[in-house]
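Worksheet: one structure, shown below.
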Amino acid sequence: MNKTGFLYDERYLLHDTGPYHPEVPARLKAIYSGIKDANLLSILTLIKASSADLKWIETVHERDYINRFKEACLAGKKIFDSPDNQMCPETYDTALLAVGGILDTIDLVMKNKIDNAFCAVRPPGHHAEINKAMGFCYFNNVAIAARYLQKEWDIKKVGIVDFDVHHGNGTQHIFEEDPSVFYYSIHQHPSFGYPGTGREFEKGSGPGYGFTLNSPVLPVQGDSEYKKFFENDLFAAFETFKPEVIIVSAGFDAHIDDDMSDISLSTEGFSWIMEKIVKMAGIYSNGRLISVLEGGYSLKRLPELAKNHVEILLNS
Amino acid sequence: MFVSQSMTREVITINKDADIFEAKDKMTKQRIRHLPVVGKDNRIIGIVSDRDIRSALPCSLLKDYDTGKTREKLLEFKIKDIMIIDPFTISLSYTIQDALMLMQKTRVGAFPVVDKQGRIKGIISTRDLLRAFINVLGIEESGTLLCIIVEEKIGQLKKIVDAITEENISFGSVLVARYWDEGKKAVFPYLLTKKVSHVKTKLKKMGYTLLDPTEWYIDQTSQDK
């Protein structure tokens with residue numbers, strides 16, 4: 001059995017998105033209860049959040065953007081940058097806690113205290129651009145994690161696998177010219193789903209050409225399409241790239257019961273995906289894998305999906 | 001939407017007495033396919049396309065096709081020998097729709113845009129029109145596409161737009177298209193948000209059918225066959 005870390009902090013519930021918003025604190029409570037009710041807490045290494053040092057946020061985001069975000073929170077603004085990004089005065093601090101918790105988790109993995117981890121954080125991150133908040137995201141958690149691995153732990157090649165149903169435009173744009181970070185995303189086809197990027201022909205640019213890979217999936221497709229794309233696209237790419245650490249942008253919104261998309265992935269489909277990613281981590285990155293929560297909005301399904309996700313990290 | 005807003009203003013032109021290689025180099029360097037030929041006062045006298053150049057030059061598979069004696073011989077030919085005289089031009093008051101229809105009709109890839117005196121003010125090509133089309137669709141901004149089937153009667157679109165606007169959601173574009181069931185239309189609002197579940201539920205409660213956009217396309221493809 002692996003030593004698996006679980007990052008969770010009640011302060012992640014303080015980011016309040018207001019009325020009629022799917023990205024709610026109850027998502028995290030559902031995830032926590034799913035893991036707790038399966039009696040997994042006692043065998044996990046529990047990690048609490050700490051606030052990230054701004055110098056790490058600045059490895060990805062412009063200082064001006066960080067200040068704008070902080071000031072918008074202090075001024076009590078209800079939205080930031082886009083109407084989708086509803087927030088409250090605690091949002092900025094919560095976003096710093098999300099990043100800080102992930103960086104602490106990376107330290108534990110790199111010091112071999114744990115093998116892998118699931119970081120149940122809010123707010124999510126993969127839509128956040130260098131200087132723009134989008135799609136419920138403020139700081140790009142996984143992008144900062146990748147830069148931290150490179151700068152603090154001297155990791156040369158980071159592989160990011162993003163299976164949230166929406167394309168991680170922020171993560172792609174941040175690394176599109178960077179051949180040291182491979183970004184793979186599988187998501188609902190951009191002509192049918194937010195944010196409208198992640199087309200098959202987006203493959204990176206300049207020295208980073210070939211280090212971005214997108215698998216857009218048409219609506220209603222499910223497990224078999226996902227398996228086909230993973231096998232044909234991701235497996236081959238990572239066999240060549242050989243990431244030293246794998247970061248997962250784990251979104252559970254492709255589930256058939258999640259009304260944020262028209263993709264019909266089953267609970268078993270999610271397990272298959274995660275088993276394959278953990279297996280790849282075993283082959284290429286000495287098992288080192290940090291999974292970070294992005295989307296997933298079905299409060300009914302999140303408990304079992306999170307439980308399965310963690311069990312795979314523990315047992316694979 | 002006038003062509004004056006979508007055309008390329010800094011037009012790369014060529015002189016009628018220039019040689020063919022100069023035109024070829026200009027096109028390659030600037031990555032363009034049409035060079036208007038201008039005379040005195042920037043008045044348009046012709047146009048030369050990459051196809052005209054290619055027809056004028058020998059086959060590139062032949063050895064020494066553009067060097068030595070062959071080149072010397074070819075240098076004797078000038079742009080005025082190969083250009084299209086009196087090309088189609090359009091005026092600054094043409095709309096994008098005019099340009100699209102004219103392009104479809106004439107199968108010409110680019111039109112010089114001229115003022116009343118025939119002086120070149122810009123050029124509009126398929127590439128500019130593609131950019132305009134992307135702009136009309138609104139797809140350079142992040143959003144989500146819905147497909148709603150409505151009865152073909154007055155006032156349907158207003159109800160949909162009102163329902164979406166009440167949710168404080170902005171529109172990137174709205175397309176209305178024919179649908180295969182008689183008496184029905186397909187409405188495609190492109191919404192600038194990720195947050196669509198609430199509004200989808202609301203539209204369904206109002207009695208609208210929300211269609212998976214692929215189904216519409218599949219329908220169309222099978223009909224085409």
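The values are calculated or read from the model by the stated rules, or taken from the named source; none is laboratory data. Computed from a predicted structure; not experimentally measured. Because the Cβ atoms are built from the backbone with ideal geometry, glycine has one as well, and the counts that use them run over all protein chains shown. SASA here: full protein model, heavy atoms, side chains in, ligands and nucleic acids out. Shrake-Rupley method; radii C 1.70, N 1.55, O 1.52, S 1.80 Å.
Remarks
- Packing-based order for A:275-283, A:97-105, using average beta carbon neighbours within 10 Å, highest first: A:97-105, A:275-283
- For the range B:3-135, the Cα gyration tensor yields ellipsoid semi-axes of 29, 16, 12 Å (square root of five times each eigenvalue, largest first, whole Å).
- Build a GNM of chain A with springs between Cα atoms under 10 Å apart, and of A:64, A:93, A:81 the one that fluctuates most is A:64.
- Pairs from the list A:156/A:307; A:70/A:307; A:3/A:276; A:78/A:132 with a Cα-Cα gap above 26 Å: A:156/A:307; A:70/A:307.
- Within the assembled protein chains, the solvent-accessible surface assigned to residue A:73 is about 10 Å², based on a 1.4 Å probe.
- Mean separation of Cα contacts under 8 Å, 6 or more apart, over the residue count of chain B: relative contact order %: 18
- Across A:288, A:301, A:63, mean-square fluctuation computed from a Gaussian network of chain A (C-alpha pairs under 10 Å connected) peaks at A:63.
- Considering only A:95, B:75, A:209, the residue lying farthest towards the positive end of the dipole of the protein assembly as shown is B:75, judged by Cα position with unit charges set on Cβ.
- Placing +1 on each Lys and Arg Cβ and -1 on each Asp and Glu Cβ, with no other charges, gives the range B:3-135 a dipole about its Cα centre of roughly 200 debye.
- Solvent-accessible area of residue A:21 with every protein chain in place, 1.4 Å probe, in Å² to the nearest 10: 20
- The protein assembly as shown - Rg and Dmax from Cα coordinates, angstrom: 27.9, 88
- Largest-first ordering by accessible area, 1.4 Å probe, given options B:40, B:194, A:111, A:227: B:40, A:111, A:227, B:194
- Mean-square fluctuations from a GNM of chain B, with a 10 angstrom spring cutoff on Cα atoms, peak among B:64, B:19, B:52 at B:64.
- Gain upon complete extension [residue B:135, residue B:2; 0.36 nm per residue less C-alpha separation]: 46.5 nm
- The residue among B:154, B:177, B:188 whose Cα reaches farthest toward the positive pole of the charge dipole of the range B:139-224, with charges on the beta-carbon of Lys, Arg, Asp and Glu, is B:154.
- The chymotrypsin sites (Phe, Trp or Tyr not before Pro) of the range A:166-261 meeting both criteria, a DSSP state outside H, G, I, E and B (loop) and at most 13 other C-beta atoms within 10 angstrom of the site's C-beta, are A:201, A:209.
- Over chain B: helical MRE at 222 nm, DSSP H runs n ≥ 4 each giving -39500 (n - 2.57), nearest 500: -11000 deg cm²/dmol
- Positive-pole candidate from A:43, A:119, A:15, dipole of the range A:4-119, charges at beta carbon: A:43
- Spin-label model distance (nm) - residue B:158 vs residue B:184, 7 Å beyond Cα toward Cβ: 2.4
- Of all stretches in chain B that contain no GluC sites (Glu not before Pro) in a DSSP loop with at most 10 other Cβ atoms within 10 Å, the longest one is B:77-181.
- Electrostatic dipole magnitude of the protein assembly as shown [Cβ: Lys, Arg +1; Asp, Glu -1; Cα centre; debye, to 20]: 1180
- Virtual spin-label span in nm between residue A:48 and residue A:220, 7 Å along Cα→Cβ: 5.1
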